[in-house]
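Read the figures in this text as sums done on the coordinates, not as results from a lab. Since the structure is predicted, the reported quantities are computational estimates derived from the model, not experimental observations. Because the Cβ atoms are built from the backbone with ideal geometry, glycine has one as well, and the counts that use them run over all protein chains shown.
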Amino acid sequence: MTVRKATHCETQKILDFSLQVLKEATMGHVKPKKEKASEMVSPFLDGGGFYLVYIENNEVQGWIGIGETFDYHTDEMVGVIPEIYVLPQYRKRGIAEKLCNEAFKHLEEEGFKRVQLNVFEGNHAKHLYQKLGFQEKVTLMEKQLSSYS
């Protein structure tokens, strides 16, 4: 088992999964379109972000994106995890937790004191994030207004 920075070729293969990742991560709240996936991933990669990959038996089994963002609430730069994904056939093996722990080490080595991520309501990964010490800081609430038109 190895966790390391993804090569350019591996990053391109990860991007091939962007529609599936978008669909699963947003719990159906975002329509999975190639353009939308690109809009979400491009700024992260263009801003110096990258993927760490989990490799076993010479196969990429999962990945985690890591980068940085400005927290407007605290006026400081923080680490950010825009994406975590484990291929379905490799789930329930602790891979996501291992990827997160490696990301935490890397971000701490880069001098970050905090790391943030977003998770949609109903996403089963929220339990993992809570287990790893993430706490809810902001809740985005929404109401459909179609009945008012």
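Please list, by residue number, everything in region 16-44 whose backbone N is under 14 Å from a paramagnetic label point 7 Å out along Cα→Cβ of TYR90.
17
Check the straight Cα-Cα distances from LYS31 and name the lysines below 19 Å, setting aside those fewer than 8 residues away within the same chain.
Hits, sequence-local ones excluded: LYS23, LYS143.
Could you name the lysines in cross-link range of LYS113, using Cα to Cα under 23 Å and dropping any fewer than eight places away on the same chain?
Partners within reach: LYS5, LYS98, LYS105, LYS126, LYS131, LYS137.
How big is the antiparallel share of DSSP beta bridges in the chain, given as a percent to the nearest 5? Could the numbers behind the result be given before it?
On the way: 20 of 22 bridges.
Just about 90 percent of them are antiparallel.
Applying the Karplus parametrisation 6.51 cos²θ - 1.76 cosθ + 1.60 with θ = phi - 60° to the phi angles of region 39-49, what ³J(HN,Hα) value in whole Hz is obtained for each residue in order, glycine and proline being reported as x?
4, 7, 8, 4, x, 4, 6, 5, x, x, x
With θ set to phi - 60°, apply the Karplus curve 6.51 cos²θ - 1.76 cosθ + 1.60 along region 7-16 and write out the HN-Hα couplings as whole Hz, x wherever there is a Gly or Pro.
Values, residue by residue: 6, 4, 4, 5, 4, 4, 5, 4, 5, 5 Hz.
What does the convex hull of the Cα atoms of region 84-125 come to per residue, in Å³, rounded to a whole number?
About 75 Å³ per residue, rounded to a whole number.
If you average 1/r over all unlike Cα pairs in the chain and invert the result, what Kirkwood radius do you get in angstrom?
Computed over Cα pairs of the chain, the Kirkwood hydrodynamic radius comes out at 16.4 Å.
Could you run the Karplus curve 6.51 cos²θ - 1.76 cosθ + 1.60 with θ = phi - 60° over region 84-101 and give me ³J(HN,Hα) per residue in whole Hz, x for Gly and Pro?
Along region 84-101, the couplings run 9, 8, 10, 4, x, 6, 10, 6, 6, 10, x, 5, 4, 5, 5, 4, 4, 4 Hz.
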